[in-house]
1. What is the set of long-range amide H partners of Cys102 at a cut-off below 5 Å, with H atoms built 1.01 Å from backbone N?
2. Output the lone cysteines of the chain: those with no second cysteine's C-beta under 4.7 Å from their C-beta.
3. How much mean residue ellipticity at 222 nm does the chain get from its helices, if each DSSP H run of length 4 or more adds -39500 (n - 2.57) and you divide by all residues, to the nearest 500 deg cm²/dmol?
4. Expressed as a whole number of Å, what is the distance separating the alpha-carbon centroids of region 73-122 and region 55-71?
5. Plugging the Kirkwood radius over Cα pairs into Stokes-Einstein for the chain, at a temperature of 20 °C and a viscosity of 1.002 mPa s, what D comes out in µm²/s?
6. May I ask you to compute the full-extension gain from Leu25 to Ala12, defined as 0.36 nm times their residue separation minus their alpha-carbon distance, rounded to one decimal in nm?
7. About the Cα centre, and with charges only on the beta carbon of Lys, Arg (+1) and Asp, Glu (-1), how big is the dipole of the chain? Nearest 20 debye, please.
8. Of the lysine pairs in the chain, how many meet both conditions: Cα atoms under 19 Å apart, and a spacing of 8 or more in sequence or different chains?
Amino acid sequence: MKVVSTEKAPAAIGPYSQGIVTGGLVFVSGQTPIDPQTGKFAEDIAAQAEQSCRNVGEILKAAGSGFEKVVKTTCFLADIKDFKAFNEVYAKYFVSKPARSCVAVKDLPLGVGCEIEAVAEV
């Protein structure tokens, strides 16, 4: 196994890695909309979705992969009413239409509105 780490995505806020490469796949830990430069996040769900996608993209890149190689994502929303706005942003990044689960949860870390994890080929 190889640990993936990049300063272009937020540092882990717990005892986990940004990503792990094993068996020809990269497993990207859930990425919230935290801006790695400022440590802050936007209030608007569309802006949050953009930043979460960018964070996933940076980890994929650091692992030698990219959005076109994503095979599965799991998306978490703090409010299912944000589903449509989230999807509009998500669709711009995950153009290969990987398998996906998207669920609403009670709360997300730091009070963010969305989180995205991904599995991709390397």
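1. HN-HN under 5 Å from Cys102: Cys75.
2. If one checks each Cβ against the other cysteines of the chain, Cys53, Cys114 turn up with nothing under 4.7 Å.
3. -7500 deg cm²/dmol
4. 15
5. 152
6. Between Leu25 and Ala12, full extension yields an extra 2.7 nm.
7. 340
8. Final tally of qualifying lysine pairs is 16.
Any read-out appearing in this document is the output of simple, stated calculations on the displayed coordinates, not a laboratory observation. This is a predicted model, so every value here is computed, not measured. Reconstructed Cβ throughout: ideal geometry from the backbone, glycine too, with neighbour counts over all protein chains shown.
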